[in-house]
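**Student:** Below you will find the structure I want to go over with you.
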Amino acid sequence: MPAPSDASALDRNDIQGMAMRPYRFPFARYHLLDVSDPARARQWFGGVAGRCTSVADLDASPPLAFNVALSWQGLSALGTSQPSLASFPQEFQQGMAARADRLGDVGDSAPAQWEAPFDRRVHALVVVSAMTSADRDAASTAMLSDISDNGLSVLAAIDAQLLPGPDGRPVAIEHFGYRDGITQPAIEGSGDPVLPGAGVHDTGGWRALKAGEFVLGQLDETGAVPDLPSPASLSRNGSYVVLRKLHQHVFAFRDFLRHSASDETEFALLAAKMMGRWQSGAPLALAAERDDPDLAADANRNNDFTYLDDLRGTNCPIGAHVRRLNPRSGLSGPNGASVHRHRLLRQGLPYGSRLPADAAADDGAERGAIMLLVNADIARQFEFVQKVWINDGDFAGLGGDKDPVIGGNDGSGSFTIPRTGAPRRRLQSLPAFVSTRGGEYFFLPGIAALRSLAESPAEQTS
Amino acid sequence: MSVVLTTGKISALTAITKILPDHADALRKTLLGLTAANGGKISSLGTIHIVRWVIFDNDTRLLFATNFDGDVEAYMRDFAERAPDGIDAIWGHCEGYPGARDYPKLRDYILGSAIETTGYYCAYPNSTVADINKALDWKGKFDTFLDQIG
C-alpha cells in the first residue's frame, strides 16, 4: 500500500539541491556504479548522505556539489523489500531501455546500440559538480577512493563541462552553438528568484511552480499530494532524475542548414526558426527578425513571453525546439490546459570538444550532452515530453512533425515555418541531429532517506 | 497492450464494468447530460473521435467503447488530468472504481476491465481529430474565399 500522502513542510535541508535548483557549475563528473555487496554498499550510501548537497547548501554558492541517486535495479540490489520495490512507479521499475519504443529510442538510438555502461542496468549515479576541473578531479578521487572496499564498483565516469567561449572561458553554449539553460522552471521554496518566464503565467504575472512537480510528498499543480512509494521514510523529499547521454551530429546539423539556406543570413534565420532562439539566446518570440545579444543578456527580459500573441507561430514556429519543450500559453487547442504538468528541471553539461566552425566533414568525434532531467513523475513529465512534444506534432496541429533539432527524425522529417505575407516554408527530409547513446531512470532520495540505508533492510521496510 | 488495438494513428479501447446496485438510473442521467450539447467536455479533450457508453444486461453492466488518437497511456492520463469529475461521475457508479485522481489505479482499473477488440476498421487511420478539424476549417475558409471572389 502506498503511504498516506499529506504535504509536509518543505525541508530544504533534506532535499538534494539538484532536485530544485538549476546547477551553474561548469564542470561535472557522472559516476555510474554497481552494487556488489549490498550490506557494505548500504553503509557507504548512509555514510555519504551527510556530504550530499542540499537545496539549502546552495544558498552559499559552494564551489562543489555532491549528489547521489539510485536506479530501481540499484534499490533492488541493496536488498530493498519487495513491497517497497513494487510500490515505485512502473516506468521507474522498468528502466529507460525498456521504455525505448515510447521514447523514440529506435534505430541508431536503440538500446541495442547503447554504449557501456548503459548496455546494462546500472545501480547508482554519483554526481560531482564543481567550479573548476581541479576541484572536480580532487573531490571525485577523495569521494570514490575507497569505493571498492565498500561493496561498490565504478562502471564508468563521464566528464562533462561547459565549452570554451571565444576568450577560452567556459560559456553556457551547447554543441550546435546556441546559448543553453535560459529556461528553467521556478519552483516554490527553492530559494531561487522567480525570473519572468520561469514559472507559470497567471493573471498576476509569473509565479513559481508547486514544489510537488519536482519533489515527492509536496503539493503539486493539482493542489494534491500524489501517493508516495513506500515506505515514506525512503521516498519523502525524493525526486527522479532522468539521465540521457545524447550525441549531437553537429556537422549534419550545419550541413542540412547550408543546403537549405542560400546565404549566411538565411542560415542563421532557419537555424533560429528551428531552435526558437538565436545563437545568443534571444528568443524569436521577442526578436523575430534578427539576433539581439543585449536582449539575450538580460535575464529579466530574455524569457518574458507567453506566445499568446503568436498563436500562428509567425514569430516563433509552433514546432520550434524551445516552443515544443515549453509551449507556455501558445497552444490554442485543448492541449494548452495542462502544459505546466509536463515541466522538467534541466541539469547536465556538454561532453566532447567543439567541432571547429570551418570543419569540412564530420570528424567522427563523440560530442553531445549529458542531460539530467528532474521531475516528480517520469511518465507524466519526461516521457510525455519525449513522446508527445518532441516526437509527435498532433498536440499542436502539426500532424506527424517531430522536434526539428532533437526529434527522432529519420531523413523524412519536415518542419513548417509560418510566415506573414508569404506562404509557409516547409523544410523537408530532416535527419536526426541527435542520437541517444544511453541513459537510465534514477531516484534521488532525500538526505535522511539516504542515511537510513545504513540501517538494515529489515528495519528499512518495517 | 493487447486490449488496445491500433490502426495508423487511431486506437480502439472497449471496457466493461459492473454497475453498482440501484445506480443505473443516476448513471443514465449522467451519460445523457455528458453527451448532450455535442459533448462539450469530451470534445475539449481534443483526441477522441468517438466514444460510446451502453448500459446493458438489465441495468447491471456498462460498456465503454472509444476511438482515440495517440498512446493509450497519454490519452488516459490526459483524460484523468482534465476531467476527473466527469470520470468520477460515470465510473463512480461502478464496482471497484478507485477514483480518477490516482492515475496508476485508474489505469489499472480501466485496462483491467478492458476486453480485446477482435475486428477493427477505420476509414481514415492516419487522420487525427486535430487533422480532421483543421482540414474542415480550411475547407470552410476556402469556400468562403470562393464565395467572395465569385
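The values are calculated or read from the model by the stated rules, or taken from the named source; none is laboratory data. Computed from a prediction, not measured in an experiment: that's the story for all the values here. Neighbour counts are summed over all protein chains in view; Cβ atoms, including those assigned to glycine, are modelled from backbone coordinates with ideal geometry.
**Student:** Report whether or not B:Arg82 is farther than 15 Å from B:Leu13 by Cβ, within 11 Å of chain A (Cβ to nearest Cβ) and under 16 Å from the mean Cα position of the chain (by Cα). I'd like the intermediate steps shown before the answer.
**Tutor:** Values: farther than 15 Å from B:Leu13 by Cβ: yes; within 11 Å of chain A (Cβ to nearest Cβ): yes; under 16 Å from the mean Cα position of the chain (by Cα): yes.
So B:Arg82 fits the description; yes.
**Student:** Out of region A:6-43, which residues are touching a residue at least 12 places away in the same chain (Cβ under 8 Å), over 24 Å from A:Gly439 (Cβ atoms) and over 25 Å from the mean Cα position of the chain (by Cα)? Don't jump to the end; show me each part of the working.
**Tutor:** At the first step, the residues of region A:6-43 found to be touching a residue at least 12 places away in the same chain (Cβ under 8 Å) are A:6-8, A:10-23, A:25-43.
Filter once more, keeping what is over 24 Å from A:Gly439 (Cβ atoms): A:6-8, A:10-14, A:37-40, A:42-43.
Result: A:Asp6, A:Ala7, A:Ser8, A:Asp37, A:Pro38, A:Ala39, A:Arg40, A:Arg42, A:Gln43.
**Student:** Also, I was wondering about something else. Which residues, counting only those in region B:8-40, are surrounded by 15 or more Cβ atoms within 10 Å (Cβ to Cβ), under 21 Å from B:Lys134 (Cα atoms) and out of contact with any Ser or Thr (no Cβ under 8 Å at 6 or more places or on another chain)?
**Tutor:** Listed by number, the list holds a single entry, B:Ser11.
**Student:** Taking region A:175-230 on its own, how many of its residues are farther than 23 Å from B:Leu106 by Cβ and within 14 Å of chain B (Cβ to nearest Cβ)?
**Tutor:** 0
**Student:** Now for a separate question. Within region A:366-375, which residues are under 15 Å from the mean Cα position of the chain (by Cα) and surrounded by fewer than 24 Cβ atoms within 10 Å (Cβ to Cβ)? Working first, answer last.
**Tutor:** Just the residues of region A:366-375 that are under 15 Å from the mean Cα position of the chain (by Cα), to begin with: A:368-375.
Residues satisfying the conditions are A:Gly368, A:Ala369, A:Ile370, A:Met371, A:Leu373.
**Student:** Out of all the residues in region B:24-39, is one or more among the hydrophobic types (A, V, I, L, M, F, W, C) and closer than 26 Å to A:Leu331 by Cβ?
**Tutor:** Scanning region B:24-39 turns up at least one residue that is among the hydrophobic types (A, V, I, L, M, F, W, C) and closer than 26 Å to A:Leu331 by Cβ.
**Student:** If you don't mind, there's one more thing I want to ask. With touching a Cys at 6+ places or on another chain (Cβ under 9 Å) and not hydroxyl-bearing (Ser, Thr, Tyr) as the only criterion, which of A:Asn67, A:Asn13 stands out? Steps first, answer last, please.
**Tutor:** On the way: A:Asn13 fails: touching a Cys at 6+ places or on another chain (Cβ under 9 Å).
The conditions single out A:Asn67.
**Student:** Please go through region A:207-245 and give me each residue that is within 19 Å of A:Glu383 (Cα to Cα) and assigned to a helix (DSSP H, G or I), ordered by number.
**Tutor:** Selection gives A:Gly212, A:Glu213.
**Student:** Looking at A:Ala365, A:Ala357 in this structure, which one is modelled with pLDDT under 95 and away from chain B (no Cβ under 14 Å)? Break it down stepwise before answering.
**Tutor:** On the way: A:Ala365 fails: modelled with pLDDT under 95.
Only one candidate qualifies: A:Ala357.
**Student:** Next up: State which residue is nearest to the other protein chains (Cβ to nearest Cβ) when the search covers only region B:92-113 and only residues that are under 17 Å from the mean Cα position of the chain (by Cα) and more than 25 Å from B:Lys29 (Cβ to Cβ).
**Tutor:** Within region B:92-113, the match that is nearest to the other protein chains (Cβ to nearest Cβ) is B:Tyr103.
**Student:** Which ones in region A:386-414 are crowded, with 22+ Cβ neighbours inside 10 Å, of a type in the set (A, V, I, L, M) and within 11 Å of chain B (Cβ to nearest Cβ)?
**Tutor:** If the condition is that a residue be crowded, with 22+ Cβ neighbours inside 10 Å, of a type in the set (A, V, I, L, M) and within 11 Å of chain B (Cβ to nearest Cβ), then A:Ala396 is the only one that fits.
**Student:** Here's another thing I want to ask about it. Please enumerate the residues belonging to region A:187-206 that are in a loop (DSSP other than H, G, I, E, B) and farther than 19 Å from A:Phe382 by Cα. Full working, then the answer.
**Tutor:** Kept after step one, since they are in a loop (DSSP other than H, G, I, E, B), are these residues of region A:187-206: A:188-199, A:203-204.
Once the filter is applied, which keeps residues that are in a loop (DSSP other than H, G, I, E, B) and farther than 19 Å from A:Phe382 by Cα, region A:187-206 yields A:Glu188, A:Gly189, A:Ser190, A:Gly191, A:Asp192, A:Pro193, A:Val194, A:Leu195, A:Pro196, A:Gly197, A:Thr203, A:Gly204.
**Student:** So if I check each of A:Ser129, A:Ser148, A:Ser153, A:Ser140, which one is in contact with a Lys or Arg (Cβ under 7 Å, 6 or more places away or on another chain), among the hydroxyl-bearing types (Ser, Thr, Tyr) and not in a loop (DSSP other than H, G, I, E, B)?
**Tutor:** Within the list A:Ser129, A:Ser148, A:Ser153, A:Ser140, the selection yields A:Ser140.
**Student:** Which pairs have Cβ atoms under 9 Å, sit 6 or more apart or on different chains, and link a residue in region A:207-231 that is over 18 Å from A:Arg12 (Cβ atoms) to one that is of a type in the set (Val, Ile, Thr)?
**Tutor:** Hits for this filter: A:Arg207/A:Val194; A:Arg207/A:Val200; A:Glu221/A:Val200; A:Ser230/A:Thr461; A:Pro231/A:Thr461.
**Student:** While we're here: Can you pull out every residue in region A:293-304 that is farther than 21 Å from A:Ile390 by Cβ and in contact with a strand residue (DSSP E or B) (Cβ under 9 Å, 6 or more places away or on another chain)? It would help to see each step written out before you state the result.
**Tutor:** Step one: list which residues in region A:293-304 are farther than 21 Å from A:Ile390 by Cβ, which gives A:293-302, A:304.
A:Leu295, A:Ala296, A:Asn302, A:Asp304, listed by residue number.
**Student:** With the requirement that a residue be over 21 Å from B:Thr128 (Cα atoms) and modelled with pLDDT of 85 or more, what does region B:35-78 give you?
**Tutor:** B:Trp53, B:Val54, B:Ile55, B:Phe56, B:Asp57, B:Asn58, B:Asp59, B:Thr60, B:Arg61, B:Leu62, B:Leu63
**Student:** A further question on this structure: So which of B:Phe68, B:Phe56 is within 14 Å of chain A (Cβ to nearest Cβ) and aromatic (Phe, Trp, Tyr)? Explain how you work it out, then say what you get.
**Tutor:** Working: B:Phe56 fails: within 14 Å of chain A (Cβ to nearest Cβ).
Just one listed residue meets the conditions, B:Phe68.
**Student:** Restricting to region A:184-227, count the residues that are among the aliphatic types (A, V, I, L, M) and at pLDDT 95 or above. Lay out the reasoning, then the answer.
**Tutor:** Our first condition is that a residue be among the aliphatic types (A, V, I, L, M); within region A:184-227, this holds for A:186-187, A:194-195, A:198, A:200, A:208-209, A:211, A:215-216, A:219, A:224-225.
Then keep just the ones that are at pLDDT 95 or above; that gives A:186-187, A:208-209, A:211, A:215-216, A:219.
Residues in region A:184-227 being among the aliphatic types (A, V, I, L, M) and at pLDDT 95 or above: 8 in total.
**Student:** Sort out for me the strands (runs of 3 or more DSSP E) sitting completely within region A:350-462 that have 2 or more residues that are under 19 Å from A:Ser71 (Cβ atoms) and of a type outside the set (Val, Ile, Thr).
**Tutor:** On the way: elements: A:368-375, A:413-417, A:425-430, A:434-444.
Of the strands (runs of 3 or more DSSP E) lying wholly inside region A:350-462, those with at least 2 residues that are under 19 Å from A:Ser71 (Cβ atoms) and of a type outside the set (Val, Ile, Thr) span A:368-375, A:434-444.
**Student:** Looking for something of a type in the set (Gly, Ala, Ser) and over 22 Å from the mean Cα position of the chain (by Cα) - is there at least one such residue anywhere in region A:340-351? It would help to see each step written out before you state the result.
**Tutor:** At the first step, the residues of region A:340-351 found to be of a type in the set (Gly, Ala, Ser) are A:348.
Next, from what is left, pick out any that are over 22 Å from the mean Cα position of the chain (by Cα): none.
No - not one qualifying residue is present in region A:340-351.
**Student:** Hey, among the residues in region B:114-125 that are free of Cβ contacts under 8 Å to residues at least 60 places away in the same chain and of a type in the set (Gly, Ala, Ser), which one's farthest from the other protein chains (Cβ to nearest Cβ)?
**Tutor:** So, considering only residues that are free of Cβ contacts under 8 Å to residues at least 60 places away in the same chain and of a type in the set (Gly, Ala, Ser), the one farthest from the other protein chains (Cβ to nearest Cβ) is B:Gly119.
**Student:** Return the total of residues in region B:11-43 being in contact (Cβ under 8 Å) with a residue 24 or more places away in the chain and of a type in the set (Gly, Ala, Ser).
**Tutor:** Number satisfying all stated conditions: 5.
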